[in-house]
There are 2 protein chains.
Amino acid sequence: MNEVRNRRTRSGPSRRRGSPYPINPLRRLLFGYPTATTQADHTRLTKLVALPVFASDAISSSTYATQEVMLVLGAAGLWLTHPELYRTLPVAIACGVAALLAIVVVSYWQTIHAYPSGGGSYIVSKDNLGPFPGLVAAAALLMDYVLTVAVSIAAGVQNLLDMPIASRWSDSQVPVCIIAIALLCFANLRGLRESGTVFAGPTYMFIVLAAVMIATGLVGPIFGLQLHTGTVTRELPPYAYTASDHLSVFAIVAVVLKAFASGCAAMTGTEAVSNGIPAFRRPESRNAAITLTVMAVILGALFIGFASLAARLGVVYGHHGSYTSPAVIEQISGAVFGRGSALYYLMQFSTAGILVLAANTAFADFPRLAAILSRDRYMPRQLANKGDKLVFSNGIALLACAAVVLIVGFHGSVDRLIPLYAVGVFTAFTLSQSGMVRHWLRERGPHWLTKAMVNGFGALCTGIVLAVISIEKFHAGAWVVVVVVSALIAGFSAIYRHYAFVRNKLSIGAGVPTPHSGAHTVLVLIPSLHRGVFPAIYYARRLSPDCRAIHIELEPNDTQRLVQEWEANMGDEMPLVVLPSPFRSLIGPLMAYLDQVQIELPDNLVTVVLPEFVSTKWWHSFLHNANGPLVKLYLSQRPGVVLVNVRYFIGEPEQA
Amino acid sequence: MNEVRNRRTRSGPSRRRGSPYPINPLRRLLFGYPTATTQADHTRLTKLVALPVFASDAISSSTYATQEVMLVLGAAGLWLTHPELYRTLPVAIACGVAALLAIVVVSYWQTIHAYPSGGGSYIVSKDNLGPFPGLVAAAALLMDYVLTVAVSIAAGVQNLLDMPIASRWSDSQVPVCIIAIALLCFANLRGLRESGTVFAGPTYMFIVLAAVMIATGLVGPIFGLQLHTGTVTRELPPYAYTASDHLSVFAIVAVVLKAFASGCAAMTGTEAVSNGIPAFRRPESRNAAITLTVMAVILGALFIGFASLAARLGVVYGHHGSYTSPAVIEQISGAVFGRGSALYYLMQFSTAGILVLAANTAFADFPRLAAILSRDRYMPRQLANKGDKLVFSNGIALLACAAVVLIVGFHGSVDRLIPLYAVGVFTAFTLSQSGMVRHWLRERGPHWLTKAMVNGFGALCTGIVLAVISIEKFHAGAWVVVVVVSALIAGFSAIYRHYAFVRNKLSIGAGVPTPHSGAHTVLVLIPSLHRGVFPAIYYARRLSPDCRAIHIELEPNDTQRLVQEWEANMGDEMPLVVLPSPFRSLIGPLMAYLDQVQIELPDNLVTVVLPEFVSTKWWHSFLHNANGPLVKLYLSQRPGVVLVNVRYFIGEPEQA
């Protein structure tokens, strides 16, 4: 007894005894045995595991980036009118993007070391530029994580369904995408570490195969290797492009800019590493920086490689209405390895593999950002709850749902999703690097000027690119981003205001509220008089002398009997109030009566006691009028009324 | 105050004040304004309205009965091998069925007068033969009401989709059926009276048109009228029948018996009237008897009429695999009125009309029987609840669902549903009439011997027919009925046993239980200390001196602060127990602690007080950890624990 009473502190027996409680077997089966809060540190990642988890997004984007560049050039009909340009531009654009990538990476090194606890654009911008820019960055990032999932999955599935063996399912892009997202979501609910190991394979396999493919494709011919150029698409249906023989210089510049803007899709996912530093093994910053660099090198190399191969082969990619040419990567690997060869399939599968799990980056990152936002009270606090496996389960689920919506909304078409993509990324880049400039100017540590200039240059470049992209892609869908981002920001601040309101409403700074002094009126609902209601009646009597039994008259014929039984058993102990219900409604009369009581006895505390009886088998609940939930629902909307459930377990010894 | 206290009887202000409470506007829109219990009598039916409501089933069954007879004869290839038989047998069989009908009707007159309060087979068999035969009859009837809905709707839709203008939808039999059932269900939820008037039109229209058609078809030719015999089906694909030139007498007898068994489908729905006597205007029995007779005459006439027309025209009907010939009625009206003529369409639509609303008979009758069964505690008591419009809403919904299941299961094919049909009907007939024999032998009123003989003869005939049908149709699906009926009866008795068990557990015959004498331990769940939890804390203090604040430690870092705040504000008034939760589970530690308390203080009454706070806008609930419902769910499974919800309304003046 005392032993129980005095257990105020965290020491004492309850600590030892409290923990081993049963865990729902189904959950254990699905999600594995829960991880204890104290084991948090064990889920850190080695560089080797971190690379696939955080870099697969960036690396995989080389595939669809190449495709989008070819799409723009193809739509302009260059392959027909300016073949020479068509075979040089892709490489040039890829190199341009790679250069930009280098600048960004260098500038991010500094961020990573300045923010070892996680230097996401949100935190950096918020710390240095203030909350609003922070929220802009956050909104842009959230949007992008969703797009990462949608685009990567869509691209991966497109590559798979373009394979000869998959032709039969070529129409079921959307359902396949949704299944893939569901699987990813599940894998992540089982914990980051697992997903890291699960997903390491495809990434490395893709990197190796892509390297082999590029080498073979570019070097092979020198040694007289014959590429299977027959399977490459060299034509587009006339409606899928607009060709004009004499493109003005401006027109060409416009095309180049447009293609460059598309190519920037390759930079998506660069943010991931700096956002996820805490997930690295110690020393976090150093490991993160190394991982980031390795990632950037691989990404740049692959992008340039793919682009030059596509140019060399004269691949044409385009789509219009229902027509879409095979994915560019599919065409390339078809040409290099031979469509249908083992290596070809291997390449296709690992491409799909890395793309599908690129989405996994977002699954690791979106929930983390959401959790940070919810700790700052900009998002619902459930997003900060850690699940059985110490992952932010709610964030994971939320991301999956949003991505499915996008996939369905855009019919799972990569080319229609991409234009929404780069805007957000570059907004985040620009904001975070401007933030870093502010940071150095404020801190003035060693070499602050150099550091500031490095970040400043990064901010400048990304800023210019952002402008270009926004203009080039506005009609193609960038406007959607503007709308969504503004909506998100509005939501953030509404939520923030609400939490602030609740906080000050609930704060006990101003002292604790005073106890209610008034009398206590207790109403017991009596459907009919049987043993099951007595515990409730007795409980009510414990609560107050002013107890009333309430019977709502659904069946007038039964009333007389009830009244007599009541008089016989309880008559002198508690008054019975019969409320007629001409329309057989349970709620109406009860509420009307409560109004009346609260009007007549404004100072009284009112309690409604609800007798329920619980039966032994689940199906029994179908055999009894289940009005309880309804009454509870209505009472829960009603201020000034306390609800008491007294349950009677049939077959159990009596209570109360 | 006193005024409120002393309102024990049904008189007094609450009666007047209690009734006018708000009614959910959506419900009013859907189901109209609720009918007061006192208006029950107003929904009685005049004979003119009762005929369509109760007789449409029987009358409409003439259409598919004819079709089923032709189906059997057609499948035997008689139209090819024994044309003369093929042109006489249908009429003979129809006359046979009509004769049987006459016998049954006469025998039912006596039932109706002996059981003015509703002489369904269930009641009659139960009263006179005992509960088990009663349940058999009940199960058979319930099964048949579901089949009535399925068969009638399927037949009606078949007729519609056979029309030239509907050819485009000819494949969507099932969905159309489901829509029709949904509409019926809705119409009935709006109340019997309404459905009566809504459905009177088509019935009478069908009767008139059918009469016209038969007259024209049979008499017309005598005056040289040319029938459009071109559109009649005269052939079946070879796989759809088995013809042999030399049919032995036995073979022919077998075919005739089989055809007769099918023709008995015409008798379905005869039960309806005697089951629904209470719905008639006074004098109920007399009106019901008249209605029954009128119905029988019409039914017999139409059946014979259709059969002779079909025979005269040499209509052939059959189906196999995906092939199905046009519905027989459609062929006839096509031949008589000319396919595509106004009268033809009128006939088709009113056929569909009466068939669709024949299902309505079941909607009027199934719920009534279900309610009777639930009053006798053989079915869940919710089935006895009357809805806003004084109809048994749950029964109506249940019937609709069951019918949809059948439609889907049998792909909406009339010919596959019919074999399940007649068995149940004739089981009911036989049982109820045997019951009546017992009744007369017991009562020995005036003319008891004659009456007993009349019913006995009825029972004998229907019994023989039942045997024939069961044998002829067993493989075609009658066995399903046996299975379902047995399952239903098993269910009935399980439910009955449960209610009996509960009843004696709850009965206060043995005296009322004694109040709980032990002390009272109260646990208040404290997620964190804010104004919102104080009402709960104070309420708990009202309940017992042994109050404990329970904090389940989901976030160890927050604990220290909570403990300090608690010491500062409540420390000396209530102990705070911190339950560690290494796996961040809310439920586990709480349950473990409750176990412990209940072990340490076995005699104590334990109450858990759950503070909840309710916000001003609905979406706010997404912004707060909603653990309340989970805790409630688990506690509701736990004997010996009372649950108290103390709600704190943000923005409201404080309570407790």
Would you mention how many residues in the range A:151-178 are under 11 Å from residue A:356 (Cα atoms) and open to solvent by 50 Å² or more (accessible area, probe 1.4 Å)? 0
Could you list, ordered by first residue, the pairs with Cβ atoms under 7 Å in which the first is in the range B:300-312 and more than 9 Å from residue B:87 (Cα to Cα) and the second is part of a helix (DSSP H, G or I) and among the charged types (D, E, K, R), at least 6 apart or interchain? none
Enumeration of residues in the range B:588-614 that are surrounded by fewer than 19 Cβ atoms within 10 Å (Cβ to Cβ) and under 21 Å from residue A:382 (Cβ atoms): B:614
When both residues are 6+ apart or on different chains and their Cβ atoms are under 7 Å apart, which pairs have a first residue that lies in the range B:244-264 and is at pLDDT 85 or above, and a second that is among the basic types (Lys, Arg) and part of a helix (DSSP H, G or I)? B:261/B:473
Quick one: would you say residue B:539 is over 30 Å from residue A:506 (Cβ atoms) and open to solvent by less than 50 Å² (accessible area, probe 1.4 Å)? no
Can you find a residue in the range A:438-457 that is part of a helix (DSSP H, G or I), crowded, with 23+ Cβ neighbours inside 10 Å and either in contact with a Ser or Thr (Cβ under 6 Å, 6 or more places away or on another chain) or of a type in the set (Asp, Glu) (or both)? yes
Looking only at the range B:316-336, filter to residues that are under 12 Å from residue B:162 (Cα atoms) and open to solvent by 10 Å² or more (accessible area, probe 1.4 Å); which one of those is modelled with the highest pLDDT? B:326
Got a number for residues in the range A:630-656 being more than 7 Å from every other protein chain (Cβ to nearest Cβ) and either modelled with pLDDT under 80 or assigned to a strand (DSSP E or B) (or both)? 4
Could you please give the count of residues in the range B:475-501 that are touching a helix residue (DSSP H, G or I) at 6+ places or on another chain (Cβ under 7 Å), within 11 Å of chain A (Cβ to nearest Cβ) and without any contact (Cβ under 8 Å) to a residue 60 or more places away in the chain? 1
Within the range A:338-373, track down each residue that is over 22 Å from residue A:173 (Cβ atoms) and in a loop (DSSP other than H, G, I, E, B). A:341
So residue A:434 ticks every box in (1) in a helix (DSSP H, G or I); (2) of a type in the set (S, T, N, Q); (3) modelled with pLDDT under 90 but one. Which box is left unticked? (3)
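Residues that are of a type outside the set (Ser, Thr, Tyr), touching an Asp or Glu at 6+ places or on another chain (Cβ under 8 Å), open to solvent by 10 Å² or more (accessible area, probe 1.4 Å) and farther than 28 Å from residue B:435 by Cβ: does the range B:80-103 have at least one? I'd like the intermediate steps shown before the answer.
Restricting attention to the range B:80-103, the residues satisfying the condition of being of a type outside the set (Ser, Thr, Tyr) are B:80, B:82-85, B:87, B:89-103.
If we keep only those that are touching an Asp or Glu at 6+ places or on another chain (Cβ under 8 Å) too, we end up with none.
No, the conditions are met nowhere in the range B:80-103.
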Could you please give the count of residues in the range A:311-327 that are under 31 Å from the mean Cα position of the chain (by Cα) and under 18 Å from residue A:217 (Cα atoms)? 1
With criteria (1) crowded, with 24+ Cβ neighbours inside 10 Å; (2) closer than 25 Å to residue B:103 by Cα, residue B:297 comes up short on (1)
Would you please name the residue that is farthest from residue A:418 (Cα to Cα), looking only at residues in the range A:278-294 that are of a type in the set (Val, Ile, Thr) and surrounded by fewer than 24 Cβ atoms within 10 Å (Cβ to Cβ)? A:290
Sole miss for residue A:210 among (1) aliphatic (A, V, I, L, M); (2) part of a loop (DSSP other than H, G, I, E, B); (3) under 26 Å from residue A:57 (Cβ atoms) is condition (2)
If you check residue A:395 against the conditions, is it touching a Pro at 6+ places or on another chain (Cβ under 8 Å) and closer than 30 Å to residue A:221 by Cα? no
Would you say residue B:274 is closer than 30 Å to residue B:106 by Cβ, small (Gly, Ala, Ser) and open to solvent by less than 10 Å² (accessible area, probe 1.4 Å)? yes
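Here are some residues: B:536, B:549, B:568. Which one is assigned to a helix (DSSP H, G or I), without any contact (Cβ under 8 Å) to a residue 60 or more places away in the chain and among the small types (Gly, Ala, Ser)?
B:568
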Which of the residues spanning the range A:339-363 are in contact (Cβ under 8 Å) with a residue 12 or more places away in the chain and either open to solvent by 10 Å² or more (accessible area, probe 1.4 Å) or in contact with a His (Cβ under 6 Å, 6 or more places away or on another chain) (or both)? A:339, A:340, A:343, A:345, A:346, A:349, A:353, A:356
Out of everything in the range A:502-531 that is open to solvent by less than 20 Å² (accessible area, probe 1.4 Å) and at the interface with chain B (Cβ under 8 Å from one of its Cβ atoms), what residue ends up being farthest from residue A:549 (Cα to Cα)? A:502
Identify, from the list B:233, B:216, the residue that is surrounded by fewer than 24 Cβ atoms within 10 Å (Cβ to Cβ), more than 34 Å from the chain's Cα centre (by Cα) and not in a helix (DSSP H, G or I). B:233
Kindly list the number of the only condition in (1) at the interface with chain A (Cβ under 9 Å from one of its Cβ atoms); (2) hydrophobic (A, V, I, L, M, F, W, C); (3) in contact (Cβ under 8 Å) with a residue 60 or more places away in the chain that fails for residue B:554. (3)
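The values are calculated or read from the model by the stated rules, or taken from the named source; none is laboratory data. The structure displayed is predicted, hence computed values, not measured ones. Note that each Cβ is placed from the backbone with ideal geometry, even for glycine, and that neighbours are counted across all protein chains shown. Accessible surface is based on the protein model in full, side chains and every heavy atom, while ligands, DNA and RNA are left aside. Shrake-Rupley method; radii C 1.70, N 1.55, O 1.52, S 1.80 Å.
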